1. So how do Val81, Val33 rank on accessible area, 1.4 Å probe, biggest first, that is with the largest at the start?
2. Enter the accessible area per residue of the stretch 8-147 (Å², integer; probe 1.4 Å; all protein chains in place).
3. Can you tell me what the convex hull of the Cα atoms of the chain projects to on average, as an area in nm²?
4. How do the peptides 39-47, 64-72, 123-131, 98-106 rank, highest first, by the average count of neighbouring beta carbon atoms within 10 Å per residue?
5. So how do Tyr54, Tyr29 rank on accessible area, 1.4 Å probe, biggest first, that is with the largest at the start?
Amino acid sequence: MRLRGFELVSQYSDSQLLPKRETAQAAGYDLKVAEAMLLEPGEIKLVPTGVKAYMQANEVLYLYDRSSNPRKKGLVLINSVGVIDGDYYGNEANEGHIFAQMQNITDQPVSLEVGERIVQAVFAPFLLADGDEASGQRRGGFGSTGR
């Protein structure tokens, strides 16, 4: 039985994009850049990782900035923490493809190369409030629930 993990979305075949932890005590799985790109000064871009994540009910995948991004690359995860809900996996709009929303905070262009680590992903449980009766169904991909 599969509990939680990562798969490539259909448009990618490079298994090197599949996230892994670098050390035995690391909480986060490193997600990598799936397509080379350039971020101009101040620009915000969605950086594709080439992966999707499956998990159990009452679990979430949080995306956190790598601590070295601002200092070494001049990049920040602009929404501070990304929240990947369990029902994002396999959605009809984009299969659940995880993107990192990054901003170049420098005055110089920043290039990203395929395979470069961009964010860390941490699986965690979440709790529900008393009286919660959410019953909606996801209809799309990135940012679709706020429409």
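The values are calculated or read from the model by the stated rules, or taken from the named source; none is laboratory data. The structure displayed is predicted, hence computed values, not measured ones. Cβ atoms come from the backbone with ideal geometry, glycine included; neighbour counts cover every protein chain shown. Ligands, DNA and RNA are excluded from the accessible area calculation, which covers all protein heavy atoms including side chains. Shrake-Rupley method; radii C 1.70, N 1.55, O 1.52, S 1.80 Å.
1. I get Val81, Val33, largest accessible area first.
2. 57
3. The directionally averaged projection comes out at 10.3 nm².
4. Ranked from most to least packed, the peptides come out as 98-106, 39-47, 64-72, 123-131.
5. Tyr29, Tyr54
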